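Participant: Supplied in structure tokens, the structure appears directly below.
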Amino acid sequence: MRKVETDLIHEGEHYNDTRAITTPIYQTATYTASASAEQQLTDATGTKSPYFYHRHGNPTNSQLGELIAKLENTEDGLMLATGMAAISTAVLATVVAGDHVVVQKAHYAAAQVFFREFLPAYGIEVTHVDQTNINEFERAIQKNTKLIYLETPSNPNLEITDLQAVAQLAKRNDIFTIVDNTFASPINQKPIDFGIDAVVHSATKYLGGHSDLTAGAICGSQEFIQKAWRKSLVLGASLSPMDSWLLLRGLKTLSLRIRQINENALELATWLEGQQGIQRVIYVGLPSHPQHALATKQMRGFTGMLSVELAGADEQVAYRNAQQLLSKLQLFGNAVSLGGVESLITHPASLWNSTQQPGAQGKPAFHLGLLRISVGIEHIDDLKADLQQALESLK
Ligand SMILES: *Cc1c(COP(=O)(O)O)cnc(C)c1O
């Protein structure tokens, strides 16, 4: 079987029917009709038809869909304008009013709003469970449960869901499963191999890899992608031709980037664990992570996402230290988003404590001294040196 590095360069290139080495940008809203009436009908009604009208499809989007499906080991893939478009479209293709969905307590912030506010308002019941406890999933299942929706590792506490255990539970109960695989990327984790039914991505992150576009992907069986595509025609979040082209270009180096990012992150996390001023390092690749064994079982690499909790006599001191560190860092941009070639850092408590459900005993969801880091592909020595000078300023 052809290897992933080769697929990243060549999969789906048959959609390029020009002699250009790279698939062109089809910057067009519509296409002239084929001379054959039969072909016209196929173009107008076929799933992801690339030559009818942009909302239906586009040749570069088709190429991307085929490539991403191959990366995730699914029959088919659908590209959309954002990760949230992929998540909402995939979920709405699965459940209707009267159905019940089991989700995790920890999800990407906007997905959380979708599950807490949007779905219930449309008559879909949602139960939130602790992703680290398989018994909670089992107890949450009802007669009308149609979907279990997962995200692993989750944002920003980097907790892991046991994909195989949840997939088996779901199969026994005839429930569809979807995983948000954004944090891992298909290089590090393939949920389908553990029995999961479908995968969604914010392609804005690792897949695009250059922080220059937003995109989303849904991967699943042909039947599921057809259902999702029909929903997408109405929801309307089509991926633009330019972003589609940029994403295809970014993907060519996915394997190289992820390899370097995995390596940098493991080295940085290991080094940070020994630094003064750091209370705790949360990284699924470290033996100190409570679910390291599970991570090792279901992931081939540990991603570039890590979180650190700064030390401090109390949480307020840790908060001030976090702010001080942010102000001193020069290479790590203080910005949301992740998965790019450049390292970024964010302070989750400032961004999300006001919108996330409080944790145990009503404590805010995120520790005030917590910082989330997306490690890029800069040289590891420079990343360490930047963190070191910022940590020294805390002394
Ligand atoms: C960013 C992100 C999303 C949302 O993607 P957009 O492209 O911003 O819509 C969903 N899930 C995860 C895990 C993310 O990191």
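Participant: Using a basic spin-label model with each label point 7 Å from the Cα along Cα→Cβ, how many nm lie between residue 9 and residue 296?
Facilitator: In this crude label model, residue 9 to residue 296 measures out at 3.4 nm.
Participant: Cα centroids of segment 171-234 and segment 246-302: how far apart, whole angstrom?
Facilitator: Cα centroid to Cα centroid, the span is 21 Å.
Participant: Now a separate question. Under 20 Å from a point 7 Å along the Cα-to-Cβ line of residue 230: which residues of segment 76-103 have their amide N that close?
Facilitator: Counting only backbone N, you get 76-80, 86-100.
Participant: Which of the residue pairs 363/395; 146/363; 231/252; 190/363; 70/205; 146/297 have a Cα-Cα distance greater than 23 Å in the structure shown?
Facilitator: 363/395; 146/363; 231/252; 190/363; 146/297
Participant: Cα-based Rg (one decimal) and Dmax (whole number) for segment 35-147, in Å?
Facilitator: Rg and Dmax of segment 35-147, Cα atoms, are 17.9, 59 Å.
Participant: Using a 10 angstrom cutoff on alpha carbons, build the Gaussian network for the chain and name the most mobile of 305, 79, 242.
Facilitator: Its mean-square fluctuation being the largest, the pick is 242.
Participant: Shifting gears a bit: Over the Cα atoms of segment 254-392, Rg to Rh with Kirkwood Rh, two decimal places?
Facilitator: Working: Rg = 14.7 Å, Rh = 15.4 Å.
For segment 254-392, the value is 0.96.
Participant: Assign unit charges at the C-beta atoms only (+1 for Lys and Arg, -1 for Asp and Glu), then state the dipole size of the chain relative to its Cα centre in Debye, rounded to the nearest 20.
Facilitator: 260 debye
Participant: Amide H neighbours of residue 82 under 5 Å, at least 5 residues apart or on other chains, H built in the peptide plane: list them.
Facilitator: Under 5 Å from the amide H of residue 82 lie the amide H atoms of 216, each far enough along the sequence or on another chain.
Participant: Over segment 51-102, what lengths in whole Å, largest first, do the semi-axes of the equivalent ellipsoid take, defined as the square roots of 5 times the eigenvalues of the alpha-carbon gyration tensor?
Facilitator: 24, 15, 9
Participant: Work out how far the C-alpha atoms of the chain reach from end to end along every principal axis, then list the three figures in whole Å, largest first.
Facilitator: Between the extreme Cα coordinates on each principal axis of the chain lie 75, 52, 37 Å.
Participant: When DSSP assigns beta bridges and you keep just the ones with both residues in the chain, what percent turn out antiparallel, to the nearest 5?
Facilitator: 55 percent
A short reminder: the numbers here are calculations on the coordinates, not readings from a lab. Here the structure is a predicted model, which means the values were calculated and not measured. Cβ: placed from backbone, ideal geometry, glycine included. Neighbour counts: every protein chain shown.
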